[in-house]
1. Going residue by residue through the range 157-165, is there one that turns out to be in contact with a helix residue (DSSP H, G or I) (Cβ under 7 Å, 6 or more places away or on another chain), touching a residue at least 12 places away in the same chain (Cβ under 8 Å), of a type in the set (F, W, Y) and within 21 Å of I436 (Cβ to Cβ)?
2. Determine the pairs where a residue that is over 17 Å from S248 (Cα atoms), located within the range 286-306, has a partner that is in a helix (DSSP H, G or I) and of a type in the set (A, V, I, L, M, F, W, C) with Cβ atoms under 6 Å apart, the partner being 6 or more residues away or on another chain.
3. Which residue, of R442, R410, is surrounded by 16 or more Cβ atoms within 10 Å (Cβ to Cβ) and not in a loop (DSSP other than H, G, I, E, B)?
4. Determine whether the range 159-178 contains at least one residue that is in a loop (DSSP other than H, G, I, E, B), among the acidic types (D, E) and over 16 Å from L223 (Cα atoms).
5. What is the residue count in the range 344-364 for residues that are part of a loop (DSSP other than H, G, I, E, B) and of a type in the set (D, E)?
6. Could you tell me whether A415 is in the same structural domain as S177 (by TED's automatic domain parsing) and touching a residue at least 12 places away in the same chain (Cβ under 8 Å)?
7. Identify, by number, the condition in (1) at pLDDT below 95; (2) in a strand (DSSP E or B) that A415 doesn't meet.
8. Can you tell me which residue within the range 93-120, out of those that are of a type in the set (S, T, N, Q), out of contact with any Pro (no Cβ under 9 Å at 6 or more places or on another chain) and more than 30 Å from D70 (Cβ to Cβ), is surrounded by the fewest Cβ atoms within 10 Å (Cβ to Cβ)?
Amino acid sequence: MDNPGVSHFVEAGKRAMAWHAKYLEQMRQCRFDTIAVHGVYSMQEALDFNQGSLIEPVYMSTSQGYRNSDEMEAALGYMIPTWCYSRIANPSMYYYEGVLALLEGYQTGLETSCLATASGMAAIQSAVDPFLITDPKKPGSKINFVATCQVYGGTFQQFAIRKEKENNIEWRRVIHSNDLNDWESRIDENTRFLYGEMPSNPSLAFFDLEKVAKLAHKYNLPLIIDSTVATPALLRPLAYGADIVVQSVTKSLATSGFSICGAVISRKNIVSNIDNDEMKADFCTYAKLLPNRDNGPSISPMNAMLAINDIRTIRTRMDNVSTSTQQIAEFLETHPEIEGVDYLGLKSHKLHDLASQYMFLADSEFDPRYGKKVNRYGHLMSFRVKGGAKPTRQVFDAFQRIYRATDLGRIKSVATIPAISTHSQQGAEGRKIANIPDNLIRLCVGGEHPDDIIRDLSQSLDSLKGKKIAFSSPEFSAGGASSAKLQP
């Protein structure tokens, strides 16, 4: 390098990265809970640079100052690690990305990296857009991607409207996601990636992840998995061959509901038929420093920090809410007003055995309460009320403890009717192929005692028999609870 001043900073950067790599390797040897609690924030960093702060500081700063022009040149040329500008990087973002990369890569033996985004939808866009470019060797060819139709309503809109309708990129829909032939029949030379959501929201679709990953790699394609419902506490898709994982961290990982945030986590050296070695070598770092630098879907430092604090307890929370949801699903399964229950933990579910091959509580074999690997199926379930849309809305409106909202993963139990909320925009035909009928209620179980949620479900279902309920939503005014007379 011609400039000795720049070389000085580059060499210092190399020493810092070598220390960081050694520290990451030490963290990879720790148990899941330890990683969730500490992440990549080291004691040395706390004592040497952050005045001994036990908890990661929030760096509410737009940009980084530099010692001189040489350091700025090295930093802005990506020759050394840098925060430079918070649209690209920030220390709080770094802590957030670091812990999620380690958790998704836990016990996989893989080196992983993470890209922080402002939302789960931004994470999906960041994960798929680098592959959806025109091949200069095939001018005029129409590119496509293969993805399940059992996806979150926002994902459906991004694929069907933003990609297909507005940009003429074909979404080839997999209707039966556990049928390998359904996947393979849609792949051709212009396919760019395979995409699936598992378990899916709200229909709990599931497929043989390992087989679909092998199929993707057979055609030199990456497999992208949205694992928001499971979180790395119950399922780590990279361990089974997936190349990229999408997380709407807003949901289960950041359970408090204080922040909107997303993440993309990838293994190093992903599979792709795109001629871009830099992208394949480290997808998340490539996306961070180039496309996302220019498009700007970055997370705010405060939202990153709020999410980190929730992530620290993800394993124990997912254990707790999974066991509660199992109990609630078993109650609903035998209720005379219920047509059917979708929960992978039920032995009656057609995908129960398959899900049981993949969904395990992290480190349960080292937990003295269990002493072996135990299955856990998450906090999300759906149930169908007999009689169609009208009684379904009646039951829904009668909830007293369960919040009516289009959210999930909260510490408080939340329910919605997807046909009129999260999946309304995809239309009746789109909901039909995704198995989302009008009488479906999606329930996301929170941290309450399951007896109290069962009691609320029981009294709401009793409303179908004309029984009086203690509290009804019409008591609220349009202005909200602050202007309403609340009756206990």
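1. No: zero hits.
2. Listed by first residue and then by second, the contacts come to Y286/M279.
3. It is R442.
4. No, every residue in the range 159-178 fails to be in a loop (DSSP other than H, G, I, E, B), among the acidic types (D, E) and over 16 Å from L223 (Cα atoms).
5. 1
6. no
7. (1)
8. Filtering the range 93-120 for residues that are of a type in the set (S, T, N, Q), out of contact with any Pro (no Cβ under 9 Å at 6 or more places or on another chain) and more than 30 Å from D70 (Cβ to Cβ), the one surrounded by the fewest Cβ atoms within 10 Å (Cβ to Cβ) comes out as Q107.
The values are calculated or read from the model by the stated rules, or taken from the named source; none is laboratory data. This is a predicted model, so every value here is computed, not measured. Counting neighbours? That spans all protein chains shown, and the Cβs are built from the backbone with ideal geometry, glycine included.
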